[in-house]
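Accompanying notes for the structure given below.
The values are calculated or read from the model by the stated rules, or taken from the named source; none is laboratory data. Being a predicted model, the structure only gives us computed values, none of them experimental. Positions of Cβ are generated from backbone atoms using ideal geometry, with glycine treated the same way; all protein chains shown enter the neighbour counts.
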Amino acid sequence: MNVPKIFESEYRFCEILWENEPVTSSELVRLCRERLEWKKSTTYTVIRRLSERGVLKSEDAVVTSLVSREDVQSAESTEVVERTFSGSLPSFIAAFTRKKNLSKQEIDEIQKIIDNYKD
């Protein structure tokens, strides 16, 4: 599935949607006002734009996502690796860990992912 590009402010909106879906558009307006300090018109504009791009659907004033948080995160991270590291995941990991000390738990989680991928 080709995941549509979601920009920063849209992603923050989607986080609210993923946490509350299915949710009425009026409830989304309230949540976006509280969390993002958006006006009603801004929320409805984002709903319309994301609906047009196939990110969500709004039927009978109920909004639900058509793409998952995991799919969006995966597409975004793949784009970063492709654009910045010529598609090299090892180069990305080396650059990421150069400035961040990983805990034993994080290392174990990463190792588990690698081990599961090998199977």
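So which of Ser74, Ser58, Ser9, Ser86 is among the polar types (S, T, N, Q) and at pLDDT 95 or above?
Step by step, each of Ser74, Ser58, Ser9, Ser86 is checked, and only Ser58 is among the polar types (S, T, N, Q) and at pLDDT 95 or above.
Identify, please: which residue in the stretch 28-69 is assigned to a loop (DSSP other than H, G, I, E, B) and among the aliphatic types (A, V, I, L, M) and is, among those, surrounded by the most Cβ atoms within 10 Å (Cβ to Cβ)?
Per the criteria, the residue is Val55.
For the subset of the stretch 96-119 comprising residues that are surrounded by 12 or more Cβ atoms within 10 Å (Cβ to Cβ) and modelled with pLDDT under 90, which member is farthest from Glu19 (Cα to Cα)?
Per the criteria, the residue is Thr97.
Would you confirm whether any residue within the stretch 76-87 is under 21 Å from Arg30 (Cβ atoms) and within 14 Å of the chain's Cα centre (by Cα)?
Within the stretch 76-87, none of the residues are under 21 Å from Arg30 (Cβ atoms) and within 14 Å of the chain's Cα centre (by Cα).
Output the number of residues of the stretch 1-27 satisfying the condition of being surrounded by fewer than 13 Cβ atoms within 10 Å (Cβ to Cβ) and not in a helix (DSSP H, G or I).
The total comes to 5.
What number of residues within the stretch 66-88 satisfy the criterion of being within 16 Å of Glu15 (Cβ to Cβ) and touching a Phe, Trp or Tyr at 6+ places or on another chain (Cβ under 6 Å)?
Here the count works out to 1.
Of the residues that sit in the stretch 42-72 and are among the small types (Gly, Ala, Ser) and under 16 Å from the mean Cα position of the chain (by Cα), which one is farthest from Leu31 (Cα to Cα)?
Applying the filter and picking the extreme gives Gly54.
Restricting to the stretch 70-88, give me the number of residues that are in a helix (DSSP H, G or I) and surrounded by 12 or more Cβ atoms within 10 Å (Cβ to Cβ).
Total meeting the criteria: 13.
Out of the residues in the stretch 89-119 meeting the condition of being of a type in the set (Ser, Thr, Tyr) and in a helix (DSSP H, G or I), tell me which one is farthest from Tyr11 (Cα to Cα).
Tyr117
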